[in-house]
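The structure appears below as structure tokens.
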Amino acid sequence: DSTGEPEGILRPATSGNYAPGPGSDRINATLLALVRNEELEGMLQAMGDLERTWNHKFNYPWTFFNDVPFSDEFKQKTQAVTKAECRYEVIPEEHWAMPSWINKDLYEESVKILKEQEIQYADMISYHQMCRWNSGMFYKHPALADTQFYWRVEPKVHFFCDVDYDVFRYMQDNNKTYGFTINLYDAPASIPTLWPETQKFLAQHPEYVHKNNAMDWLTDKTRRPAHNAKANGYSTCHFWTNFEIADLSFWRSKAYEDYFNHLDRAGGFFYERWGDAPVHSIALGLFADSSSIHWFRDIGYQHIPFFNCPNSPKCHGCVKGRFAEGADWLNQEDCRPNWFKYVGMG
Ligand code: GDP
Ligand code: MN
């Protein structure tokens with residue numbers, strides 16, 4: 001218990017891992033959120049949505065991660081939203097800090113260029129750290145050592161539809177590695193060397209590519225040529241990782257670990273603004289069996305400004321079929337049709 005507080009005050013005592021206890025129908029899984037103390041209100045709202053539409057039927061535990069300790073207020077108010085166990089974990093310094101091989105001057109120079117290209121958050125070092133942590137660190141936290149599946153939740157997201165089955169059990173029973181709701185194009189200027197670095201890695205490790213990969217989806221060129229040129233061969237279509245339901249063993253595989261280490265050494269989490277979404281998506285497209293990737297069409301979801309809003313009587317509070325809210329061009333960011341074209345419905 002890394003929070004160091006006595007057990008039993010804010011939550012039930014635990015056996016120290018998430019293995020479901022005797023008599024529980026739950027499988028080995030947790031809801032997972034990286035979140036700041038200042039985002040408490042948004043977290044309560046997102047938790048409330050997920051508890052109401054799904055988790056009150058299953059009571060999967062919540063695991064919260066932060067680079068600084070959670071406040072007592074954060075712990076008390078989040079625990080009050082759920083009957084399930086909540087755990088509050090601090091990220092070890094060595095998982096969060098900028099790696100020693102990153103050149104600070106080069107980072108500062110790179111940020112200027114990214115800013116000129118209007119890359120959001122390019123000058124927030126914590127945003128780069130967050131993307132790197134979500135790419136290659138979260139699954140190494142000791143608190144997840146005994147956990148197999150997770151569902152990532154961010155503050156302020158919405159869930160709209162009643163879901164009556166255990167989605168973690170669905171993942172397990174159907175050999176699913178990864179579940180998503182939204183597929184989007186990315187800003188090419190945030191990842192100019194990600195695909196070239198990936199190709200270097202593949203030249204060294206062709207054996208890691210799964211025979212049923214989604215390479216055609218990764219390299220699709222139906223978007224305008226300038227976009228493709230700037231991303232140097234990657235379509236930028238990615239699973240939007242603020243929502244993900246996944247099997248941790250994929251990230252713990254040798255293929256992914258070697259791939260992450262290659263990318264980490266290349267420095268693009270800092271010299272560019274590689275997001276965990278394109279990194280996860282490229283890895284899944286290359287190393288996973290594409291039939292183990294599942295679109296959760298039935299989970300109504302929003303992270304501003306995009307929606308997955310199914311046309312179903314189980315859904316309330318979103319506009320059926322709507323994808324984007326705001327400017328018209330946002331609707332063209334949807335690249336799910338590509339996924340369906342190359343890979344099918346999964
Ligand atoms: P966006 O979705 O790309 O606009 O980025 P967000 O600001 O939503 O950040 C993504 C996730 O990481 C959210 O769950 C944030 O709460 C979390 N996050 C981002 N930066 C930090 C940080 O410095 N510390 C902590 N604890 N969480 C962070
Ligand atoms: Mn967000």
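The values are calculated or read from the model by the stated rules, or taken from the named source; none is laboratory data. Since we're looking at a predicted model, the values are computed, not measured. Here the Cβ positions follow ideal geometry from the backbone for every residue, glycine too, while neighbour counts run over all protein chains shown. Please note that ligands, DNA and RNA were not included when accessible areas were found on the heavy atoms of the full protein model with its side chains. Shrake-Rupley method; radii C 1.70, N 1.55, O 1.52, S 1.80 Å.
Per residue, how much accessible area does the chain have with a 1.4 Å probe, in Å²?
Here the residues of the chain average 42 Å² of exposed surface.
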Task: Derived scalar couplings ³J(HN,Hα) [region 208-213; Karplus, 6.51 cos²θ - 1.76 cosθ + 1.60; whole Hz; x for Gly, Pro] - done: 7, 6, 6, 5, 9, 7
Open item on the list: Show log10 I(q)/I(0) for region 119-247 at q = 0.15, 0.18, 0.21 Å⁻¹, two decimals, from a solvent-free Debye sum over equal Cα scatterers.
Closed with: -1.00, -1.36, -1.52
TODO: Quick one: go through region 331-345 and flag any residue whose amide nitrogen is under 13 Å from the point 7 Å out along the Cα-to-Cβ line of Val319.
DONE: 331
Task: Listed residue pairs exceeding 27 Å between alpha carbons, taken from Lys211/Lys341; Lys176/Lys230; Lys57/Lys77; Lys200/Lys230; Lys83/Lys254; Lys200/Lys221 - done: Lys176/Lys230; Lys83/Lys254
- [ ] May I ask you to give the percent of accessible area on the chain that is carbon plus sulfur, with a probe radius of 1.4 Å?
- [x] 52
Task: Disulfide-incompatible cysteines by the Cβ rule (no partner under 4.7 Å) in the chain - done: Cys86, Cys131
- [ ] Quick one: angle between helix 194-204 and the longest Cα principal axis of the chain, in degrees between 0 and 90, rounded to 10, please.
- [x] 90
Open item on the list: Per DSSP helix of 4 or more residues, -39500 (n - 2.57); summed, then divided by the residues of the chain. What does that give at 222 nm, rounded to the nearest 500?
Closed with: -9500 deg cm²/dmol
Task: Note, ³J(HN,Hα) from phi for region 166-174, Karplus 6.51, -1.76, 1.60, rounded to Hz, x at Gly and Pro - done: 7, 5, 5, 5, 4, 4, 5, 5, 9
Open item on the list: So for each of 270-281, 128-139, 168-179 I average, over its residues, the number of other beta carbons within 10 Å; can you give me the resulting order with the highest mean first?
Closed with: 270-281, 128-139, 168-179
Open item on the list: Along the Cα→Cβ direction, 7 angstrom out, place labels at Gln76 and Lys221. What is the inter-label distance in nm?
Closed with: 6.1
Task: Förster radius 25 Å - calculated FRET efficiency between Glu118 and Ser291 (Cβ-Cβ, nearest 0.05) - done: 0.10
